[in-house]
Amino acid sequence: MALVSATGPVDAEATRRRLPGNAATHVALGIVAVYVLLAVVSPLVLGDYISVHPATRLKPPSATFWFGTDQLGRGIFERTLVGTGNSLLVGACVALLATLIGGGIGLVAGYFRTGEWVIMRLMDGLMAVPSVLLAIALASLLGAGLTTVIIAIAVPEIPRMVRLVRSVVLALRQQPYVLAAISIGTRPAKILFRHILPNAVGALTVQATYVCASAIITESILSFLGIGSTPDSPSWGSIMAYGRPYFQVSPWMILFPGVFLSVLVLTINILGDGLRDMLDPRLRRGATL
Amino acid sequence: MLRYVGLRLLSTIPVLAFVLLLAFFLLHLAPGDPAALIAGDSATPAQVEAIRAQLHLNEPLSTQLWIWLIDLAHFDLGRSVFSNLPVTQLIAQRFEPTLMLAISTTILAVLLAVPLGVIAAYRARTGIDRGVIVLAVAGYSVPVFVIGYCLIFVFAVQLHWLPVQGYKPLAEGLGGTLRSLVLPTVALALLYVGLIARVTRATMLEVLDEDYIRTARAKGALTLRVLCIHALKNAGPPIVTVIGIGFASLIGGVVVTETVFNIPGLGRLTAEAVLRRDYPLVQGMLLTFAVMLVAINLVVDLTYPLFDPRIRY
């Protein structure tokens, strides 16, 4: 395969041309669309998923209860489908938050180099704490609730975003068109938003996709451990946590939300890989031996 | 070499200082009265007061920080609010299972991932390559507790080959320990395999493009020798780096794995500490894990000259 070296602006036309070829990315996009549809429609269409029915406790999957029931007699099918919204919301919000904050800090640190040393050491410090651990600690301190969970998961994701954006900006800053813009006296804000940011968007989007996937896993870990989730809105992690003591006799409580969760995260990661291949031609290299 | 280690240790000071401050201020980030937060809803005012006194929360913030740092310098991380045992003792007690799990996971992951990555790069753009990539993405996409429960269900509940949960300490014999580690190790290693295999593949692809590989091929060196001696050795530093970076996610995974497999290690201790709002213990765990990560990154840096003699410290 020919070596393509595109260090300049992302060629939108080339991206569009390459789009039809990548079947995996399209399938992934389709699956994500199905998940979004499920998240929007299922709370409106499905019946009651909160109230307790002792007569139908721990029933295996059947025609009435497609995914079986939990120890309170609630349908796993309904709870799993309704839980989709929770995971997607957390994933999207964390990705957005981490991109905005991390991207902003990275842009400033990389372009102006003011306080860069302090910022990067702060980021090193944050990265020295394992991200799941930091999220657990933050979520437990800030109390239960969706906002808390989103903040707790977003904070550990910020340093990686800052580092990425900073390195992209440092490289872009040396590009002839940026040097030209600086030398004719373009205002820094205009250089940042008109020249640097549009060329960093590709890297940001790819990283945001990965952040979204890892945020969905972290959310499920938090609610699996019983941290941060609220009892009323079902989350895949908490459905599995309920199933923990019963799983030798009723594995469906863990199986179904587990499959939904794994497929979603896998899909988003594949989508990220597809985006990366489209937006960063340098990584599309093959080698021969 | 010693000079490098010294400088490298100095450079970790800002990072560790930040982690210290983070651990210290964590409790104060929470809204409301920290002592009431730790004591929980069912505590009497006297209990809240006792906790406040134990943690010096009635002193000014600067005094609190000073006391905490002085204690830390004496390796005193305070006492657990829940069990009233010293935090250092609790951590020491729970260290063995986690260490064993981390070692076995790293060994298994490297043994699986490096050959997979090398083969994928050697057979780039073939079915084998695509298979390895899919496996790698699946490895870090499927959450460790989903894999863990699947493994328990198949190999312990259905086939009865391995124990369902729990950990046998080394003192009761190596065989039992290894048996109890098999399933958690596999569950945890899959995540790690994904990370390492990807980086191995990517780095090998780059190295295989180099002139000296063509030279080696031209002089008739065996494929295996070219791959392992000429290529893999030069691909070493990024691979070792990702093994170090992956350790951070390994620690996150340990918390969950130990919960799924009911292993009384540091991860379980952390989850318990957080759920019980055992604040001194949470602080101690944050510090322990941060120091471990910093130490591992230092070791990773020191291995670079093994792969590339041009790097000298």
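Evaluated against (1) in a helix (DSSP H, G or I); (2) open to solvent by 40 Å² or more (accessible area, probe 1.4 Å); (3) modelled with pLDDT of 75 or more, B:Leu22 falls short on exactly one condition, (2). Return yes when A:Ala180 is away from chain B (no Cβ under 14 Å) and either in contact (Cβ under 8 Å) with a residue 12 or more places away in the chain or not in a helix (DSSP H, G or I) (or both) and no when it is not. The answer is no for A:Ala180. Candidates B:Ile119, B:Ile133: the one that is more than 27 Å from A:Glu219 (Cα to Cα) and open to solvent by 40 Å² or more (accessible area, probe 1.4 Å) is B:Ile119.
Just one of the listed residues (B:Leu65, B:Leu77, B:Leu72) is more than 14 Å from chain A (Cβ to nearest Cβ), touching a residue at least 40 places away in the same chain (Cβ under 8 Å) and over 24 Å from the mean Cα position of the chain (by Cα), namely B:Leu65.
Flag: B:Ser42 matches the condition of being open to solvent by 30 Å² or more (accessible area, probe 1.4 Å) and either assigned to a loop (DSSP other than H, G, I, E, B) or on the phi > 0 side of the Ramachandran plot (or both).
Screening region A:57-160 for helices (runs of 4 or more DSSP H) wholly inside it with 2 or more residues that are over 30 Å from B:Phe289 (Cβ atoms) and open to solvent by 30 Å² or more (accessible area, probe 1.4 Å) returns the ranges A:76-112.
Within region A:232-265, if we keep just the residues that are more than 26 Å from the chain's Cα centre (by Cα) and in a loop (DSSP other than H, G, I, E, B), the residue that is farthest from the other protein chains (Cβ to nearest Cβ) turns out to be A:Ser250.
Starting from residues that are touching a Phe, Trp or Tyr at 6+ places or on another chain (Cβ under 8 Å) and farther than 30 Å from A:Ala213 by Cα, keep the ones in region B:167-219 and report whichever is most open to solvent (accessible area, probe 1.4 Å). Among those that are touching a Phe, Trp or Tyr at 6+ places or on another chain (Cβ under 8 Å) and farther than 30 Å from A:Ala213 by Cα, it is B:Tyr167. Taken together, B:Thr215, B:Thr259 contain a single residue that is more than 12 Å from chain A (Cβ to nearest Cβ), of a type in the set (S, T, N, Q) and assigned to a helix (DSSP H, G or I), which is B:Thr215. Comparison of B:Pro264, B:Pro305 shows that the only residue that is more than 23 Å from B:Leu9 (Cβ to Cβ), at pLDDT 75 or above, surrounded by fewer than 18 Cβ atoms within 10 Å (Cβ to Cβ) and touching a Lys or Arg at 6+ places or on another chain (Cβ under 9 Å) is B:Pro264. Restricting attention to region B:64-89, which residues are modelled with pLDDT of 80 or more and among the hydroxyl-bearing types (Ser, Thr, Tyr)? Correct list: B:Thr88 only.
Results for (1) farther than 24 Å from B:Leu250 by Cα; (2) in contact with a strand residue (DSSP E or B) (Cβ under 9 Å, 6 or more places away or on another chain), shown as yes or no for each residue.
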{"residue": "B:Phe82", "(1), (2)": "yes, no"}
{"residue": "B:Val87", "(1), (2)": "no, yes"}
{"residue": "B:Ile107", "(1), (2)": "no, no"}
{"residue": "B:Val118", "(1), (2)": "no, no"}
{"residue": "B:Leu135", "(1), (2)": "no, no"}
{"residue": "B:Val142", "(1), (2)": "no, no"}
{"residue": "B:Val154", "(1), (2)": "no, no"}
{"residue": "B:Val157", "(1), (2)": "yes, no"}
{"residue": "B:His160", "(1), (2)": "yes, no"}
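The single residue among B:Ile107, B:Ile38 that is within 14 Å of chain A (Cβ to nearest Cβ) and closer than 30 Å to B:Pro264 by Cβ turns out to be B:Ile38.
Do we have any residue at all in region A:125-146 that's in contact with a helix residue (DSSP H, G or I) (Cβ under 7 Å, 6 or more places away or on another chain) and over 25 Å from A:Gly226 (Cα atoms)? Yes, region A:125-146 has at least one match.
Against the condition surrounded by fewer than 16 Cβ atoms within 10 Å (Cβ to Cβ) and not polar (S, T, N, Q), how does B:Ile128 come out, does it pass? Here the answer is yes, as B:Ile128 does meet what is asked.
The values are calculated or read from the model by the stated rules, or taken from the named source; none is laboratory data. Predicted, not measured: the structure shown is a model, and the values here were computed from it. Note that we place each Cβ from the backbone using ideal geometry, even for glycine, and neighbour counts take in every protein chain shown. The protein model used for the area step is the full one, side chains on, heavy atoms only, and it has no ligands, DNA or RNA in it. Shrake-Rupley method; radii C 1.70, N 1.55, O 1.52, S 1.80 Å.
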